[in-house]
Amino acid sequence: KRRRLRAPCTARMETGVGIGEAPTTHAMERVSPDWSLQPLTMELVAGMTAVYNEGFGSKRCCICFPITDTDGTRLRYYQRHPERLPMCGIAVGADGTPLGFVQVAVHPMQDQYGIHTLQPGEAYIEQVGVAAAARGKGIGKALLQWAETLAT
């Protein structure tokens, strides 16, 4: 049996772990001298929100509703659901600045908005974003690899 990782608008990727195994959590991992990957902490939620707003700030939902987080929605979500913090990986610069993030849901949890029903053995990439100044440095690729290992 294999665990499937679903990403929005992409094909399913297969990883080689048995269904029913608990997802692993990660400690901080130095990826380069300039940045590292780690699970999200409450202290980094504001920085994650800044990266999210930079990437999605000009986007609109249903044509008219902006999807930026200007009222602390993301912070309140993680305050209500601290169990989800380790399911979000964040790339942090050597100076502590958040550079990118990936948010993952792994069965039996559901995604943040309740849109996708995860089946046993599935994980779902909810969102991924990289700050404009940090693009082209392999951060997005490392975040997706982090998400894949979380799903296994």
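The values are calculated or read from the model by the stated rules, or taken from the named source; none is laboratory data. Computed from a predicted structure; not experimentally measured. When we count neighbours, we look across all protein chains shown, and the Cβ atoms used for this are built from the backbone with ideal geometry, even at glycine. Each accessible area value is taken on the protein alone, full model and side chains, heavy atoms only, with ligands, DNA and RNA left out. Shrake-Rupley method; radii C 1.70, N 1.55, O 1.52, S 1.80 Å.
Condition (residue is over 18 Å from V128 (Cα atoms), at pLDDT 75 or above and touching a Lys or Arg at 6+ places or on another chain (Cβ under 8 Å)) applied to the range 21-44: is it met by at least one residue? Yes. Residue under question is D69, and the condition is that it be surrounded by fewer than 12 Cβ atoms within 10 Å (Cβ to Cβ) and either more than 21 Å from G136 (Cβ to Cβ) or modelled with pLDDT of 80 or more (or both); does it hold? The answer is no for D69. Considering each residue of the range 77-92 in turn, none proves to be surrounded by fewer than 16 Cβ atoms within 10 Å (Cβ to Cβ), modelled with pLDDT of 85 or more and on the phi > 0 side of the Ramachandran plot.
Picking from residues in the range 109-139 that are out of contact with any strand residue (DSSP E or B) (no Cβ under 7 Å at 6 or more places or on another chain) and modelled with pLDDT of 85 or more, the one that is least open to solvent (accessible area, probe 1.4 Å) is G138.
Here T97 meets each of (1) of a type in the set (S, T, Y); (2) open to solvent by 40 Å² or more (accessible area, probe 1.4 Å); (3) over 21 Å from E43 (Cα atoms) with one exception, condition (3).
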